[in-house]
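Right, one structure below, let's go through it.
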Amino acid sequence: MSSLAPDIQTMPTPLERPKHHYLNHNKSIASWLFTLDHKRIGLLYMVTVLAAFAIGGIFAILLRTELWAPGPLFSADKTKAWNLYNHFFTLHGAVMVFMFIIPAVPAILGNFVLPIMLGAKDVAFPRLNLLSFYIYVIGSCFLAYNLLSGVLYVIVGHPVLWGGYGLDTGWTFYTPYSTTASDSGVLLATLGAFILGFSSILTGLNFIATVHMLRPKGMTWFRMPLFIWATYATALIQVLATPVLAITLLLLVAERALRVGIFDPTIGGDPVLYQHFFWFYSHPAVYIMILPAFGVISELITTHSRRHIFGYHFIALSSIAIALLGFLVWGHHMFTSGQSPLANAIFSLITFSIAIPSAVKVFNWVATLWGSSIHLRTPMLYALFFIGLFTIGGLTGLHLGTLSTDIHLHDTYFVVAHFHYVMVGSMLFAFIGAIYHWFPKIFGRMCNDRVGQIGAVITFVGFNMTFLIQFVAGAEGMPRRYATYPDAFQIYHQISTIGAYIISLGMFITLYNWVVGLFWGPIAPANPWGGNTLEWHTASPPPYDNFSVSPEVGDPYEMQIWEPDPNGNGWVKNPEKAAAAAAASHGHGHGGAH
Amino acid sequence: MATTASDTHGHDPSPGHDAHDHAKVGHGDGHGHEAHPAHLAHHFDTPEQQFGTSKLGMWTFLATEVLMFGGLFVAYSVLRHNNPEVFLWAHKALDWKWGAIDTAILLASSYTMAWGVRAAQLNQRGLLMFMLALTFAGGLGFMGIKAIEYEAKWRHHLFPGKLNVLNVEYKGQNFKAPLTAEQIANQKEHTIDYVDSHDKPAGGEHTMPAKQESGNGESSTHGDSSAEVHTPPVAHDAPPVIASVHAELIGTPVIDPHEGTANAAKIKPPVTIPGGVKLDALEPHQGGHAIVTYGMLHTPDQKKINAFFSIYFMMTGLHGFHVLVGMGVMVWLFIRATRGEFHSEYYTPVDLGGLYWHLVDLIWIFLFPLLYLIH
Amino acid sequence: MIMQQMFSILGANHQGFFMPKQASSIAPQVDGMMWYINIVSIIFAVLIFGFTAYYAWRYRASRNPIPEPPGHNNVLEVVWSIIPAFLLLLMFGFGFKTFMDMSVQPQAGITIQVLSRQWQWNFRYTHPDTGQSFIYDKLILPKDVPVQFVMESSDVIHSLFIPTMRMKKDVVPGRFNKMWVLPTLASEANPFKATSPEEDAAAWKRAFDVYCTEYCGTSHSEMITKALVLEEDEFKDALRIASDPFKDRTLVEVGQELYVSSGCKTCHSIDGTPGTGPSWKDLYGRTGKFVDGSSYVADDAYIHESIWDPHAHLVMGFGPVMQSYKGQLDDKRISAIIEYMKTISSHAPAVTPNAPEETTTPTVAPTPAAQH
Amino acid sequence: MAHQVSNSEAHEKQHHHAVPLWLLTVVFIALLLLTGATVWVTRLDGNQVNVPSFNILMALLIAFVKAVLVCLIFMHLRWDSPFNTVIIICSLLFVSLFIAFTIIDSSMYKSTLTPPSGFTPSEQIAGDGAAPAH
């Protein structure tokens, strides 16, 4: 640690709250907008990504409202009502996927937590990091502007804002509808998604370089916390898959603007080729969404249950396995597209093989709980809910991976329910739990635990009410993306809609809790949960260079060296236990493998 | 203190998307190599670590480039696999000689680039600047030839996709926006070149030119053989070409590119030759953009005619864009080299710029046989 | 084999509980697999939920302050990887087998051509007696006879979905996707034996649903029709009736029906409100302007051209959205539509109930430009 | 901060390594010759026009050799940290997987691109074809 610039060495011990930390060492606006500090960039992401989440959520509520009963609701004119609904679900999907789910955990928590966990002072390419944030902002502006102004366009009947034609193709941009039939602003929306892709690529590139090159002495691969393993696997996908999205959207733009016909069947193109292109990115993208959640859950469970993670190596390597296998299963989105039976069989088989590493993770989490000492705080509650919801989401994936049943279930509400359990039920719950978990580290203040638990329970109930019933609706044959539906399905939709409102209630409670905690919460100790990953070895909030004293790298889950602070101020290290653990872990090099 | 070399490396991997960032780097780096060199970022310990990180980042970026072009190669494979005949003859609109020259130029520029890196490593500043200049010139020459080729395509309206003059869907019916006035003007003007596409046996369902004099070529009688859609009004006063139609490509009536579209109704008599090799004899000397009429194709293939031109323009276009970016990088490196910022202890930007340039070269190495040398 | 029996037991007809009624030969196989997966899923879910909840209570910090030492157990890891793997292999194997049964048609049967467009299904049948092909907008299937669908789309991707038959296939433009079913369950009522319109409507209501499941634009959710399964002899009679809409009906009635069954109504209103296309109210006989500025008179020739070659002349204010109906609406049907238009147009001459010369409309419409 | 462990030694080695000029020149000439070879091999026996397999495979093989030369020598991969090689090989691997799966599919659905035998697509059925007999 000799080379550490001692400019902010103002605190005697590393755990005491520093006078000058990354939040206040420079308060000017410019120091935030042009910061190269990974922690501040993480916060910038948090603001924008949560805004995107709000937009997507509002339109989720709107489209559930339209579905309360068959027939048009928002407009007497059917054509207008259907168009409005189509714009709603497209907006909801595109915003949630491209602007919220994909960047949420990697860009916010990955940026903030990963370098600290790793013991590094920053990510490998700080300026690239800031750049990718601004690329994200620009792309989001394109996308959000087009989609939102498009809603006005549908309501008023002519474009109100310049170029604001919205998007009604669904977030998948399937050709030839998106290239020849749709009269919405496909170009602008595609451009937005295209730009967002580069932000994702640069973030992933940054994390790969960071994990490879910035590990301090003693931080061997198998001493890395599981969150880093998961984020690293995610970065691999981002780097290897997102470029294909770029070229896909490029071809889409060329096809719509210049009439290049690569996907146009009337002139020798092939619309199913587009689906190959799109899903070659978008299925791995599903793992971009869920893998970081896996990492978060591993941290949350082991920290709040005070027990060393069970089967460290299996969880770590299953992340990599999922990331790589995830590239070979895209065809299971195309079982009914006329894809050849051979391709279908291959894709189906590989799809099942992915289920195993996913199951291994779940089993190891449950095994970690055994004999543990569980503090059922809000983050832990979210982690437990995650296990439940991901189990449902994963198991219903079997119905869709099986060829025969998928033919029946494809493009029905069964699929909708399935991927909401995986994307929302799992990823969103992990995300909120992670924010609660690292809230003290990020802002140096605590949230109200009771309110947090209430919010968690309400969200959980509302979520299951919304989507569990949709499995039934889908199995009964309710197709997705329907603005209206046969009366027989009405009961399902009404239950769903009520559930959606309950979810939003839970969201408001959570938001309220965060705002209160942010401004009026009690001051947080350096280590409120007794975690042993490196971010708990520094003050909260951390100083500008993350560590005032070089952290001793050991087994990240050796939590016994932390004991409750007698004067109730979080958890403090027990020196002799720490020494013993250090000796032990030096004994055999990789701390993870106990 | 944070505007350091690591950042120049950091953004260097993405020349395409952060041009504005290039501006910053000018002042980013100090000279010398003392205990804690000025170009060493605060979060690195040693120049080696920082150098290695930059290389790792660059190679990762190159991997993304490979996958991005990989998508185009997938499209190429599928389209060619679905329409082999189309690719087989449509590529004759290109001249392999130009392609070969392109390849040689790019290889040479790669050679000079590698030499430039060596010069930087050996503190040969003047040589480095010279090599960078040569590399830039190579890119310039490459783009010049591309310009010649594109210009000829443009002259013959061999556009990608639905705008391609050979395309039966030429009118762009399937699109919301009706054609603009000049598009309609264009198609009136240069569909003349292709009157010969009518009285061929394969095109049985095509209507006779006489039909088109009445009306304005819109009325459809039976079937929707969209061929008559672009049958020119003046078709009847153009001498019909007797194109010998085979399943194989034998006999290619050719329009001399010198004529342009002005009076292209003068059409050379069909040349019948066995085998593909001598087909190149059809190509005029300069540019060699022999426009082969598609009368020789099976009727279903005629509808797919743009499959080749679309992929050709997308691939060469995207590659050309990368060459342009690479030339920009060369200029930037040259400027920094004139300031003497590179030396044996610090030449990372040269190295990374070189890696990028070599990748562009690599992609062309594959594009050349796939586009120009189809047999 | 034991698995086979298990599937057949699981696949027994549940009369629409959780899955729709079974109306095709492969439905039991699909349901068997469905319930096999359901049961496996429920077992695993219950185990995982149970352990999670129990541990969360049993090992709460207040009761178990000192956690167990770190644990890892490779045997356990292997076990809980192998067991699911085995169950998954069964799912894949039998799922693939059923999928092949879905894909490969055992013996020859009849072929029905599926024509899809935004946002209307149409089906081309072969007349049992004359062998002539004709088009009907609803699906009529013979019981216990394999039916092959050859599907084509004239615009974007659609997807034909018959829940009760567990069959679904995308209709991709530029491709001719095939799918086959062997209907095993006859519909409850036969509308072709209906004596009154109400009876007819009620009978169709009880037929099986047919959906479009690939998002295809504005009225995607209205791209719904019915599938009627009849005993073979009834099936033939039904085809005979369906093949000739003109039988003892006036052109106007037929036109009015075609207005709905051919999907005109999704874009053309009859009350004057402009939709995706011009309203038909007062359309016939009026004069208007094309996008290129030239004016037209909406006479038979113009309407005929607009139906067969919609993009030839675009009316001012409307885009080239409509696809040609050539091959779907013949001259007679078009003239019926024209007759119907006349009844709702104030510019039209007195309606002629059934004018034979209408049926010989010149196929080449002299363009308005030529007329003026 | 502490010294980075795994890779730095590798860098020490290759940091100042300059590729000898003769090697660069040899590679350059080899590349030019291979280009000529590509042209030559693709123009062999041009009569078999329908199946482009032979020529295209040869051409791609040569192109691959050229690519390897450029990577190893011009791009210093031979002296570089091995992980960079892993990265680029990974990317090529995924591209080839992408192509392979897609081609497997398209080779099998190619039959559906044309109407099945004894079947006329509706666009070829003239309007009167659909009329019932009267």
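No lab work stands behind these numbers, since they all come straight from the coordinates. If you're wondering where the values come from, they're calculated on a predicted model, not measured in any experiment. Glycine also receives a Cβ, built like all others from the backbone with ideal geometry; neighbour counts cover every protein chain displayed.
Compute the angle between helix A:186-213 and the longest alpha-carbon principal axis of chain A, please, reported from 0 to 90 degrees and rounded to the nearest 10.
20
Is any residue of segment A:107-129 close enough, with backbone N under 20 Å, to a label point placed 7 angstrom from the Cα of residue B:339 along the Cα-Cβ axis, and if so, which?
Once the point is set 7 Å along Cα→Cβ of residue B:339, A:126-128 turn out to lie under 20 Å by backbone N, inside segment A:107-129.
Output wanted: per-residue J couplings in Hz (rounded whole) for segment A:37-47, from phi through Karplus 6.51 cos²θ - 1.76 cosθ + 1.60, θ = phi - 60°, x for Gly and Pro.
Going residue by residue, I get 7, 4, 5, 5, 4, x, 5, 4, 4, 4, 4 Hz, with x marking Gly and Pro.
Pick from C:256, C:132, C:120: which is most flexible by mean-square fluctuation in a GNM of chain C where alpha carbon atoms under 10 Å apart are linked?
Answer for the Gaussian network model of chain C: C:132.
Counting only C-alpha contacts under 8 Å and six or more residues apart, can you give the relative contact order of segment A:2-588 as a whole percent?
Contact order relative to length: 17 percent.
Number of Lys pairs in segment C:251-343 with C-alpha atoms less than 20 angstrom apart, excluding same-chain neighbours closer than eight positions?
Counting lysine pairs in segment C:251-343 gives 8.
Could you point to the residue in C:104, C:264, C:340 farthest towards the positive end of chain C's charge dipole, with +1 and -1 charges on the Cβ of Lys/Arg and Asp/Glu respectively?
So the residue furthest toward the plus end is C:104.
Give the long-range amide H neighbours of residue C:177: residues separated by 5 or more places, or on another chain, with amide H under 5 Å away, using H modelled in the peptide plane at 1.01 Å from N.
Under 5 Å from the amide H of residue C:177: C:151, C:172.
Whole-Hz Karplus ³J(HN,Hα) for segment B:132-142, in order, using 6.51 cos²θ - 1.76 cosθ + 1.60 and θ = phi - 60°, x for Gly and Pro?
With coefficients 6.51, -1.76 and 1.60, one gets 4, 4, 4, 4, 4, 4, x, x, 4, x, 4 Hz.
Pick out, from A:338, A:84, A:62, the residue whose Cα sits farthest towards the positive end of the charge dipole of segment A:2-588, with +1 on the Cβ of Lys and Arg and -1 on the Cβ of Asp and Glu.
A:62
For chain A, find the longest principal axis of its Cα atoms and tell me its angle to the long axis of helix A:226-253, 0 to 90°, nearest 10.
Once rounded, the angle reads 30 degrees.
With a ≥ b ≥ c taken as the square roots of the eigenvalues of the C-alpha gyration tensor of segment C:224-278, please select rounded if a/c is under 1.5 and otherwise prolate if a/b is larger than b/c or oblate if it is not?
Since a/c reaches 1.5 but b/c is at least a/b, the shape of segment C:224-278 is classed as oblate.
On average, how much area does the Cα convex hull of segment C:110-243 cover when viewed from any direction, in nm²?
For segment C:110-243, averaging the hull's shadow over all directions gives 7.7 nm².
Which ordering of A:183, A:487 is given by a fewest-first count of other beta-carbon atoms within 10 Å?
Ranking A:183, A:487 by Cβ neighbours within 10 Å, fewest first, gives A:487, A:183.
As I understand it, the dipole of segment C:2-103 uses +1 on the Cβ of Lys and Arg and -1 on the Cβ of Asp and Glu, about the Cα centre. Which of C:74, C:47, C:28 lies farthest toward its positive end?
So the residue furthest toward the plus end is C:47.
For chain C, modelled as a Gaussian network with Cα springs under 10 Å, which listed residue fluctuates most, C:297, C:260, C:79?
C:79
Where does segment A:2-588 land on Rg/Rh, using Cα atoms and the Kirkwood Rh? Don't jump to the answer; show the numbers that get you there.
Numbers: Rg = 24.0 Å, Rh = 24.6 Å.
The Rg/Rh ratio comes out at 0.97.
Quick one: order C:286, A:256 by neighbouring beta-carbon count within 10 Å, fewest to most.
Result, fewest neighbours first: C:286, A:256.
Considering amide H positions built from the backbone, and no H for Pro or chain starts, which residues 5 or more places from residue C:295, or on another chain, come under 5 Å of its amide H?
Distant-sequence amide H within range of residue C:295: C:290.
Of all beta bridges DSSP finds with both residues in chain C, what is the antiparallel percent, to the nearest 5?
70
Go ahead and estimate [θ] at 222 nm for chain C from helices alone: -39,500 (n - 2.57) per DSSP H run with n ≥ 4, summed, over the residue count, rounded to 500. Before the final figure, lay out the partial values.
On the way: 9 runs with 129 residues, N = 372.
My calculation for chain C gives -11000 deg cm²/dmol from helical runs alone.
Given an 8 Å cut-off on Cα distances and at least 6 residues of separation, report the relative contact order of chain C as a percent.
For chain C, the relative contact order is 13 percent.
Tell me, what HN-Hα J-couplings in whole Hz come from the Karplus equation 6.51 cos²θ - 1.76 cosθ + 1.60 at θ = phi - 60° for each residue of segment C:94-100, using x for Gly and Pro?
Karplus values, whole Hz, x for Gly and Pro: 6, x, 5, 4, 4, 4, 5.
Take every DSSP beta bridge whose two residues both sit in segment C:110-243, then give the antiparallel share in percent to the nearest 5.
Given both bridge residues lie in segment C:110-243, the antiparallel proportion sits at roughly 70 percent.
Reported to two decimal places, what Rg/Rh ratio describes segment A:466-594 when computed on Cα atoms with Rh from the Kirkwood expression?
Reported Rg/Rh (Cα atoms, Kirkwood Rh): 1.27.
Going by C-beta contacts inside 10 Å, put A:242, C:273, C:126 in order with the fewest on the left.
Arranged by neighbour count, lowest to highest, A:242, C:273, C:126 become C:273, C:126, A:242.
So how tilted is helix C:251-261 from the main axis of chain C? Cα-based, degrees 0 to 90, rounded to 10.
30
With an 8 Å cut-off on Cα pairs and a minimum separation of 6 or more residues, tell me the relative contact order of segment C:110-243 in percent.
Rounded, it is 29 percent for segment C:110-243.
Please list, in chain and number order, the residues 5+ apart from residue C:24 or on another chain whose amide H is under 5 Å from its amide H, with Hs placed from the backbone.
So residue C:24 has HN proximity to C:184.
Under 10 Å, Cα contacts only: if you run a Gaussian network model on chain C, which one of C:177, C:38, C:190 comes out with the highest mean-square fluctuation?
Looking only at C:177, C:38, C:190, the largest GNM fluctuation is found for C:38.
Under 1.5 on a/c is rounded, so check that first for segment A:422-464, then, if it is not, pick prolate when a/b is larger than b/c and oblate when it is not; a ≥ b ≥ c are the square roots of the alpha carbon gyration tensor eigenvalues.
Working: a/c = 4.98, a/b = 1.52, b/c = 3.27.
The shape class here is oblate.
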